[in-house]
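Participant: Handing you a structure now.
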Amino acid sequence: DARLAPAAAVKRAQLLGRMGKLDDAQAVFNDMLADAEDIAEPDQRAQRMTAIRQAEVGMLIDAKSYDRARKVLDERAAAEPDNSDWVYELAMLDEREKRYDSMEKLLRRVIAMQPEAKQGYNALGYSLADRNVRLPEALQLLEKASALGPDDPYIMDSLAWVKFRLGQLQPAAELLRNAYAKAPEAEIGAHLGEVLWQLGQQDEARKTWTEAAKIEPDNVILIDTLRRYNVPLSALSK
């Protein structure tokens, strides 16, 4: 099946990336791009090539090869200045490298390019909330994101996090329970556990963290949260 071939190639490239064979991994993506050139329909060809580049950037970020990821993204942003996806990806890379000023400029560009898209508001609002800075502004950004994506569990998580930072524990817990039910992921579980702990519901917090640890034991947000509350991961698995 011709549709399965790209998926198998991406898996192979990701495996090479995990082994540290980044030149070989990127060669696989370059071969995929060459194959995509043969797609006759222009929109379909452009979509395929964008998906290949995004998968390549994802592989490089997973391998913590941020310089290579930045090179690919800089090239794409220069070639397609009107494509907000590349600007957004660059902003997320900046956040990973703690280049917050640059990240904010890029996310404001994303918001200007796509004022009715939720992801720019969500990313900037969450970053401010997570760093515990400019919380009223973070709340405003996340309320806008929530208006654009009311059922999005990741936006619920972000909005809950700024409410938690502002001391609104009960509303934060309600939002996080809803988000965790929709997207039972370790990061959301880590946040829910923390809010429950602060509400004095330590047993419920431990139960939530135990579930989150089963989902993704090496999640950095979860590990950091447990460290801050002096709850060893080993104690949860007993």
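Participant: Between Glu41, Glu89, Glu104, Glu75, which is crowded, with 19+ Cβ neighbours inside 10 Å and either aromatic (Phe, Trp, Tyr) or out of contact with any strand residue (DSSP E or B) (no Cβ under 8 Å at 6 or more places or on another chain) (or both)?
Facilitator: Glu89
Participant: I need every pair where a residue in region 98-110 that is within 9 Å of Ser84 (Cα to Cα) has its Cβ under 7 Å from the Cβ of a residue that is open to solvent by less than 30 Å² (accessible area, probe 1.4 Å) and not small (Gly, Ala, Ser), sequence separation at least 6 or different chains.
Facilitator: Pairs that qualify, where the first residue is within 9 Å of Ser84 (Cα to Cα) and the partner is open to solvent by less than 30 Å² (accessible area, probe 1.4 Å) and not small (Gly, Ala, Ser), are Arg109/Val87; Val110/Val87.
Participant: Further, regarding this structure: Quick one: in region 131-165, which of the residues that are open to solvent by 60 Å² or more (accessible area, probe 1.4 Å) and charged (D, E, K, R) is nearest to Glu185 (Cα to Cα)?
Facilitator: That would be Asp151.
Participant: Next up: How many of the residues in region 1-52 are within 23 Å of Lys64 (Cα to Cα), under 25 Å from the mean Cα position of the chain (by Cα) and among the small types (Gly, Ala, Ser)?
Facilitator: So the count comes out to 8.
Participant: Residues Glu116, Glu95: which one is surrounded by fewer than 24 Cβ atoms within 10 Å (Cβ to Cβ), in a helix (DSSP H, G or I) and modelled with pLDDT of 95 or more?
Facilitator: Working: Glu116 fails: in a helix (DSSP H, G or I).
Unique residue meeting the criteria: Glu95.
Participant: Could you list, in sequence order, the residues of region 59-71 that are over 10 Å from Leu93 (Cβ atoms), open to solvent by less than 30 Å² (accessible area, probe 1.4 Å) and part of a helix (DSSP H, G or I)?
Facilitator: Correct list: Met59 only.
Participant: Moving on. So, in region 188-224, how many residues would count as being of a type in the set (Asp, Glu) and open to solvent by less than 60 Å² (accessible area, probe 1.4 Å)?
Facilitator: Count: 1.
Participant: If we scan region 176-187, do we find a residue that is free of Cβ contacts under 8 Å to residues at least 12 places away in the same chain, more than 19 Å from the chain's Cα centre (by Cα) and over 23 Å from Glu95 (Cα atoms)?
Facilitator: The answer is no; no qualifying residue exists.
The values are calculated or read from the model by the stated rules, or taken from the named source; none is laboratory data. All values reported here derive from a predicted model rather than from experimental measurement. Note that we place each Cβ from the backbone using ideal geometry, even for glycine, and neighbour counts take in every protein chain shown. Side chains included, ligands, DNA and RNA excluded: accessible areas come from the protein's heavy atoms. Shrake-Rupley method; radii C 1.70, N 1.55, O 1.52, S 1.80 Å.
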